[in-house]
Amino acid sequence: MDAWPALALAAFWLAVHVLSRLLAVRPSALPTTHTRTHRRLRGSTQWSLRALHLRVQSTAFNGAHDALTAALARLRVTHVRMHDVLRMFYNVGSVVAIAGMAGALVLMAWTAAQLVGGAEGGQTLSRRDGVRRSAVPVHAIIPGLTVPLAHVPVLLLALLTAQVVHEAGHALVAAIDSVPLLSTGFSLTLVFPSAFVGLSAPATAALPPPARMRLASAGAFHNLVLCAVLAAAAALRTGHALWPLLGYTDVSTWGRVVVGVDQDSPLAAFLPLGAIVTKIDDTLLLAADTETDLWTALLAADPMLQEDDAPMGWCIERSWFVDQPTSCCDARLGASSALLPLACFASYNVPLAMDERCLDPLPYLDDSTAPAPARRCMSAVDCGVHHVCAAVRPDQQLTRLAVHVPTRADSVVVWNGPKHEILRDVDVGAWGARYRLLPVRLPVWVGTFFGYVETLSMSLFFLNLVPLRFLDGAPFLDALADAVLSERSVVGDNDLALEALEGGEGRVRERNWRVTDEAHGRWKLRLQRVLELVFAMLIVSCIVLALVRTSWRT
């Protein structure tokens, strides 16, 4: 594995620490904290640095939030119905959040049951759009294992985007209910980003339970809405309307565009960027089946695609075929025979003694090198009595790629090795650039980015509704219990920070809510503790079981 990602990460954090020291007015003990005032935005920004954790918190956007709050307050007077519709929209979010909390419980219980029952939960996927499926519904996104390392920058940007949308939900509902914004912030821990907003706890506690439910669930609801919008855009094939306007052509009806090749792979010399692979062996890369990615399925040797009849062969003169050697077909050589100049060809419908012979595969696999291409066949009947129908034995690990390059003649690339190495080393897409200046990889990266945003948005929806103290599920459950009990809660004077994937220093302090009815208060506290314990046990169980199964497979 290349060391440059680790070196780049180390250089980044070294630069951050050096810059922090240079900006320091005077030496101070760790953690290092600095404050800077922005005159234009009329706010201050404070950042702190501790080891591999950077936190930036600002009040620069408080004025804009106050203006939005005032505008919504005027809307409540001038356009009552519109304001009610806005509240009703986020009331729907509260109802959806109840279903989401229950769904998170079912999802984790199902995942734990599948892991205990022996379902395959940790398949390694070389591409995100593969056709393999697992019985376990929850999958970890692990760079280098479940997703390519090259996707890490896009993955982190998608995570930050999903979190910003999440926090925007809290800020918007706070403006609707006139809860002042104290600060907004961003944190970075190692490589993982996190966004957050800070709201005043007294103003939040003064809200009735339904309003507190709206506020706590707004972030998760925003994530769900974003996921639905992206899914709808994909279903409506929005990209097919936009990419042609940007200078790209859809080639998925007859091939796949090469958008990247590992420079350490031998294929880099034969597959230039922008080349179009039209066939793998004898299978055309058509897009007739939108549910199956043929590129991934064929190169991953999906068992679903192994049920076909014998592959097509070539008509070879019988007398010449019989005279060829058989040494490379020795079963003891196995797959290593593919490393020899000759490959083992198996014939159909001939006596067993003549079944396999060693031939030079290039004149057949790449017919441009042969003076007269051999006729293709499915059986000996197609060739006549003086010829045999022979094909490369499957264990020879020879794969043909038919390649079209706009500036060159069409060619055939013969790969000698496992098919999955092609899948690992070559990135392909469906959109070809009409102009040389256009980056051929752009449509793939954009599609990958929005795919990750959709996936992470759904993950944040369920994750943040888990009723643990550092997630939105805890205040949502408290407000839900108060709504059911028709009681009000009182909170201390501490400030409340609603954070998605709490990556900052400012942890949410434990909510010391009290209700006027002591019996109801004890009942609510028991409910919160029981649900928190159940969810915590399920999360730990899923993690431990997944690690155990991974160790067994390795």
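What follows is calculated from the coordinates using simple rules that are stated; it is not laboratory data. Not measured: the values here are computed from a predicted model. Here the Cβ positions follow ideal geometry from the backbone for every residue, glycine too, while neighbour counts run over all protein chains shown.
A cut-off of 5 Å between modelled amide H atoms, ignoring neighbours fewer than 5 places along the same chain, links VAL147 with ILE142.
May I ask you to order 373-384, 50-61 by the average number of other C-beta atoms within 10 Å around their residues, highest value first? Please report the intermediate quantities before stating the final value.
Working: 373-384: 16.0, 50-61: 17.6.
Averaged packing, sorted descending, gives the order 50-61, 373-384.
The string of couplings for the stretch 96-108 from the Karplus curve (6.51, -1.76, 1.60, θ = phi - 60°) is 5, 5, 4, 5, x, 5, 5, x, 4, 5, 5, 4, 5 Hz, one whole number per residue in order, with x for Gly and Pro. If you plug the beta carbon distance of VAL484 and ARG50 into 1/(1 + (r/R0)^6) with R0 = 41 Å, you get a FRET efficiency near 0.50. Label point of LEU19 set 7 angstrom out along Cα-Cβ; within the stretch 48-92, amide nitrogens under 18 Å from it belong to 48-58. The HN-Hα couplings worked out from phi for the stretch 382-393 by the Karplus form 6.51 cos²θ - 1.76 cosθ + 1.60 (θ = phi - 60°) are 6, 10, x, 6, 9, 10, 10, 9, 10, 10, 5, 5 Hz, whole numbers, x standing for Gly and Pro. Near VAL257, once Lys and Arg are set to +1 and Asp and Glu to -1 for all other residues with Cβ below 11 Å from its Cβ, the sum equals 0. Around the amide H of LEU182, modelled in the peptide plane, lie the amide H atoms of GLY198, LEU199, SER200, all under 5 Å away and 5 or more residues distant in sequence or on another chain. Applying 1/(1 + (r/R0)^6) with r as the Cβ-Cβ distance of ASP281 and VAL106 and R0 = 45 angstrom yields a FRET efficiency of 0.55.
Each residue of the stretch 161-171 was assigned a 3J(HN,Hα) from its phi angle through the Karplus curve 6.51 cos²θ - 1.76 cosθ + 1.60 (θ = phi - 60°); the sequence is 4, 5, 6, 4, 4, 4, 5, 4, x, 4, 5 Hz, with glycine and proline shown as x. Fully extending the segment from ASP382 to TRP4, taken as 0.36 nm per residue of separation minus the present Cα-Cα distance, adds 130.5 nm.
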